[in-house]
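Have a look at the structure below, then the notes.
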Amino acid sequence: MNDDNTTHFGYQRVNKAEKAGRVADVFHSVAAKYDLMNDLMSGGVHRLWKRYTIEMSAVRAKQKVLDIAGGTGDLSYQFSRLVGPEGLVVLADINDSMLAVGRDKLTDRGVAGNIEYCQADAQYLPFPDNTFDCITIAFGLRNVTDKDLALASMQRVLKPGGRLLVLEFSKPTNPVMEKLYDHYSFKILPLMGKVIANDSDSYQYLAESIRMHPDQETLLEMMQNAGFEQCKYHNMTSGVVALHMGFKP
């Protein structure tokens, strides 16, 4: 099965209509221990990747920010501090389990007044044209069924001059790192998932989904095709992760 009606779910080919549900099942499963697993899987380095994303966003007071696939709210928490009481952050996620974890986490940290929560599909964002000054999607684009459609949707709801930041696992640039990363992803990661989260299958999928995601140059071209300008990317941890950025003209 490999035609226009199918897409990849990890290394499997599935009907496009099935992918969203199967991805949803993965994140329903991992939501409760998502933060713990992120810290363990990356050795805490995911915090540095996200900090750099915040710095490159150039978000300032009174602006409107959309954090797509915002999950447990790491970026939204920082954005809420930057936009201040007169700004707005929308934490959006297609998965209600992840959204609930993020909402509870930020509420417990006292974040309120300038943040809203929205269960939304990145492919069909439910916002008016030209709404946001900045949009981020961190470790979420690879799970979207139609990435081109999602990028076009993001471009639509950005204000002219607004910027999109895509933080995502990518392709290692160092052959030694690539071999180590493959061993870690397919041998260690599922084992950690089994021991800590009692769910090796979901973490096997996560490893496979990373390998199926477009590489740095391909994603750059996709952003350009979606109408973004001044597109560029910055590799981190030898290309294990890349931050792509583009502006709406």
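The values are calculated or read from the model by the stated rules, or taken from the named source; none is laboratory data. Please read these numbers as outputs of a predicted model, since none were measured by experiment. Cβ placement follows ideal geometry from the backbone for every residue including glycine, while neighbour counts extend to all protein chains displayed. Each accessible area value is taken on the protein alone, full model and side chains, heavy atoms only, with ligands, DNA and RNA left out. Shrake-Rupley method; radii C 1.70, N 1.55, O 1.52, S 1.80 Å.
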Kirkwood-based shape ratio for region 69-210, expressed as Rg/Rh from alpha carbons: 1.01
Give, to the nearest whole percent, the P(r) tail of region 184-249 beyond 20 angstrom, counting all Cα pairs. 45 percent
Long-range HN-HN contacts of LYS64 with modeled amide H, under 5 Å: LEU88, ASP133, CYS134
Total charge of the residues flanking GLY84 in space, meaning their Cβ is under 11 Å from its Cβ, with Lys and Arg +1 and Asp and Glu -1, is +2
In the structure shown, do any of LYS19/LYS248; LYS147/LYS171; LYS16/LYS232; LYS19/LYS64; LYS64/LYS248 have a Cα-Cα gap over 20 Å, and if so which? LYS19/LYS248; LYS16/LYS232; LYS19/LYS64
For the chain, take the longest principal axis of its alpha carbons; what is the angle in degrees between that and the long axis of helix 200-212, to the nearest 10 within 0 to 90? 70 degrees
Can you tell me the length gained on complete extension of the stretch SER200 to ARG60, counting 0.36 nm per residue apart and subtracting the Cα distance? 46.3 nm
With the 1.4 Å probe rolled over protein heavy atoms, the chain has an accessible area per residue in Å² of 46 Å²
What does the charge count near VAL101 come to, summing +1 for each Lys or Arg and -1 for each Asp or Glu among other residues with Cβ under 13 Å from its Cβ? -2
Checked against the structure, the computed volume of the Cα convex hull per residue in Å³ among [x] 133; [y] 117; [z] 199 is the one labelled [y]
Leaving out ligands, DNA and RNA, what percent of the accessible area of the chain is carbon and sulfur, probe 1.4 Å? 51 percent
Span from the region 190-204 Cα centroid across to the region 128-170 one, whole angstrom: 29 Å
DSSP beta bridges in the chain: the antiparallel percent, rounded to 5, is 45 percent
Summed over the other residues with a beta carbon less than 15 angstrom from that of GLN204, with K and R at +1 and D and E at -1, the charge totals 0
R0 = 30 Å: FRET efficiency of ARG47 with GLN224, Cβ-based, nearest 0.05? 0.50
Mind grabbing the base-10 log of I(q)/I(0) for region 1-124 at q = 0.19, 0.20 Å⁻¹? Debye formula, identical points on the C-alpha positions, no solvent, two decimal places. -1.08, -1.15
Run the quick spin-label model on THR6 and PHE247: label points 7 Å from Cα toward the beta carbon, then report their separation in nm to one decimal. 4.3 nm
Taking 8 Å as the Cα distance limit and 6 or more residues as the minimum spacing, I'd like the relative contact order of the chain as a percentage. 19 percent
Roughly what would the spin-label model give for LEU191 and ALA17, points 7 Å off Cα along C-beta, in nm? 4.1 nm
Using 0.36 nm times the number of residues separating VAL176 and ASP39, minus their current alpha carbon distance, what extension gain do you get? 47.0 nm
Hydrodynamic radius by Kirkwood for region 143-233, inverse mean 1/r across distinct Cα pairs, in Å, is 15.1 Å
